[in-house]
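Please read the structure below before turning to the comments.
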Amino acid sequence: MQRHSLLSLINSYAPTPHDEAAMRLRLLAFVRDNATCFERSFAPGHITGSAWIVNPSRTQVLLTHHRKLDRWFQPGGHSDGDPDTRAVAWREAREETGLDGVRLASEAIFDIDIHSIPARKSEPEHFHYDVRFLFEANDAIPFVVSEESNDLAWVALEEVAKLNNERSMQRMVEKTLRLFPRKS
């Protein structure tokens, strides 16, 4: 069963804060009930993998200004049939930043989010069932802006809300600050 690995990760994930709990259950049901959940062609929605990339001091995150959506987000993208969502997130991190030194900081899911993607051209409105993993990269190494982005930037955690104040982004900032508290 190609969904087994993701189902296992979701089952072992304890969402914090509480607002993720309902999304976790919805994601679990979606993966369990849809054998084609990794396929972009599955019209109701599909699994995506994202990379929350922090610098070694955990003070900044690398964000991309998404060309199609015209918003700042973490790197990520479609599974395109690949059931290894962690590998998808890692691939997207490298493709969208040009950084070879991106390393996985944890094998566990860092965050989950389910969000609507607006209809565009021949694609109907659908959902992205986004599974996010924590990565680390050296913020002194130059990055490369991909064709999918207008820009890339290392952003101080405290400044993320100025670029994207969506709850899912703030939740990841909060988790980072909670996991890696600042030293006074």
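The values are calculated or read from the model by the stated rules, or taken from the named source; none is laboratory data. This is a predicted model, so every value here is computed, not measured. Methodologically, a virtual Cβ is constructed for each residue, glycine included, from the backbone with ideal geometry; neighbour enumeration extends over all protein chains shown.
Checking ALA93 against (1) without any contact (Cβ under 8 Å) to a residue 40 or more places away in the chain; (2) buried (at least 19 other Cβ atoms within 10 Å of the Cβ), only one condition comes out false. Which one?
(1)
Conditions: (1) out of contact with any Pro (no Cβ under 7 Å at 6 or more places or on another chain); (2) more than 23 Å from PRO142 (Cα to Cα). PRO56 meets all but one. Number of the miss?
(2)
With respect to VAL155, determine if the residue is β-branched (Val, Ile, Thr) and out of contact with any helix residue (DSSP H, G or I) (no Cβ under 6 Å at 6 or more places or on another chain).
For VAL155, the condition - β-branched (Val, Ile, Thr) and out of contact with any helix residue (DSSP H, G or I) (no Cβ under 6 Å at 6 or more places or on another chain) - is met.
Taking into account only those residues within the range 67-82 that are crowded, with 21+ Cβ neighbours inside 10 Å and without any contact (Cβ under 8 Å) to a residue 60 or more places away in the chain, which is farthest from ASP100 (Cα to Cα)?
So, considering only residues that are crowded, with 21+ Cβ neighbours inside 10 Å and without any contact (Cβ under 8 Å) to a residue 60 or more places away in the chain, the one farthest from ASP100 (Cα to Cα) is SER79.
So, of the residues in the range 142-163 that are β-branched (Val, Ile, Thr) and out of contact with any Leu (no Cβ under 6 Å at 6 or more places or on another chain), which turns out to be farthest from LYS175 (Cα to Cα)? Even if it seems obvious, please write down each step before you answer.
From the range 142-163, those β-branched (Val, Ile, Thr) are 144-145, 155, 160; that's our starting set.
Add one more test, that the residue is out of contact with any Leu (no Cβ under 6 Å at 6 or more places or on another chain), and what stays is 144, 160.
On the way: VAL144: 27, VAL160: 13 Å.
Among them, the one singled out is VAL144.
Look through THR85, THR36, THR64, THR48 and report the one residue that is surrounded by fewer than 17 Cβ atoms within 10 Å (Cβ to Cβ) and among the polar types (S, T, N, Q).
Just one listed residue meets the conditions, THR36.
Report whether or not ILE117 is more than 20 Å from GLU174 (Cβ to Cβ), among the β-branched types (Val, Ile, Thr) and modelled with pLDDT of 90 or more.
Values: more than 20 Å from GLU174 (Cβ to Cβ): yes; among the β-branched types (Val, Ile, Thr): yes; modelled with pLDDT of 90 or more: yes.
Against the criterion (more than 20 Å from GLU174 (Cβ to Cβ), among the β-branched types (Val, Ile, Thr) and modelled with pLDDT of 90 or more), ILE117 qualifies.
Within the range 84-113, how many residues are β-branched (Val, Ile, Thr) and either over 14 Å from the mean Cα position of the chain (by Cα) or over 16 Å from ARG40 (Cβ atoms) (or both)? Walk me through how you get there before you give the answer.
Filtering the range 84-113 for residues β-branched (Val, Ile, Thr) gives 85, 88, 97, 102, 109, 112.
The next check asks that each one be either over 14 Å from the mean Cα position of the chain (by Cα) or over 16 Å from ARG40 (Cβ atoms) (or both); those that pass are 97, 102, 109, 112.
Of the residues in the range 84-113, 4 are β-branched (Val, Ile, Thr) and either over 14 Å from the mean Cα position of the chain (by Cα) or over 16 Å from ARG40 (Cβ atoms) (or both).
What do you reckon, is LEU27 of a type in the set (A, V, I, L, M) and touching a residue at least 60 places away in the same chain (Cβ under 8 Å)?
yes
Identify the residue in the range 117-137 that is surrounded by fewer than 12 Cβ atoms within 10 Å (Cβ to Cβ) and in contact (Cβ under 8 Å) with a residue 12 or more places away in the chain and, among all such residues, is nearest to ARG94 (Cα to Cα).
Of everything passing the filter in the range 117-137, ARG120 is nearest to ARG94 (Cα to Cα).
Scan the range 39-56 and give yes if some residue there is closer than 14 Å to GLU148 by Cβ, out of contact with any His (no Cβ under 7 Å at 6 or more places or on another chain) and modelled with pLDDT of 95 or more, otherwise no.
Looking through the range 39-56, at least one residue is closer than 14 Å to GLU148 by Cβ, out of contact with any His (no Cβ under 7 Å at 6 or more places or on another chain) and modelled with pLDDT of 95 or more.
Consider SER168 carefully, then state whether it is more than 18 Å from ARG103 (Cα to Cα), of a type in the set (S, T, N, Q) and in a loop (DSSP other than H, G, I, E, B).
no
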